[in-house]
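Notes for the one structure printed next.
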Amino acid sequence: MKLVIPSIRYKDSFIEAVKEYQKEDLNQIRYKNLNADELENNFAAYITKILSQSVGENLPKGIVPETTFWLIDKGDFIGRASIRHELTKDLLKEGGHIGYDIRPSKRNMGYGKKKMH
């Protein structure tokens, strides 16, 4: 398992994860408005957008610059970790400098758990 810069090489498993996130009732704004067909047709543009946000470009209103890493296991997208470069008043109260998520099918799979003898 490793953290990597978002890359086109994880396109298929990322799109699968987006579909999983969208089936959840949770308010995953990051994935909720993504369109799987658009991602399929122009994934490189999506990657460029994510990478540009680390330098403050292509940011939705109210969103601060952040560097995003993807958690990859055996070539599959497992989740995301983002480090925010600055905080708003709201992020000072809730959210902080680090954001993360794990795709639904990979939660509670024993990652990081030590075996008890």
* To do: Provide the gained length on full extension for the span LEU87 to LYS32, in nm with one decimal, where the gain is 0.36 nm per separating residue minus the Cα-Cα distance.
  => 17.5 nm
* **Under 5 Å, built H, 5+ apart or other chain: amide partners of HIS85** => GLU66, THR67
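Beta carbons within 10 angstrom, averaged per residue: use that to sort the peptides 40-50, 86-96, 56-66, highest first.
Numbers: 40-50: 14.1, 86-96: 10.4, 56-66: 12.1.
Answer by packing, highest mean first, reads 40-50, 56-66, 86-96.
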* Would you tally the net charge around LYS74, using a Cβ to Cβ cut-off of less than 15 Å, leaving LYS74 out, and scoring K and R as +1, D and E as -1? => 0
* Can you list the HN-Hα couplings for region 52-68, worked out from phi with the Karplus curve (6.51, -1.76, 1.60; θ = phi - 60°), rounded to whole Hz and with x for Gly and Pro? -> 5, 5, 5, 10, x, 9, 6, 8, x, 3, x, 9, 8, x, 8, 9, 10
* To do: Scan (1) 17.4, 58; (2) 14.9, 51; (3) 14.6, 45 for the value of Rg and Dmax of the Cα atoms in Å calculated from this model and give just the label.
  => (2)
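Just so you know, all these numbers are worked out from the coordinates, no wet-lab data involved. These numbers come from a predicted model, not from an experiment. When we count neighbours, we look across all protein chains shown, and the Cβ atoms used for this are built from the backbone with ideal geometry, even at glycine.
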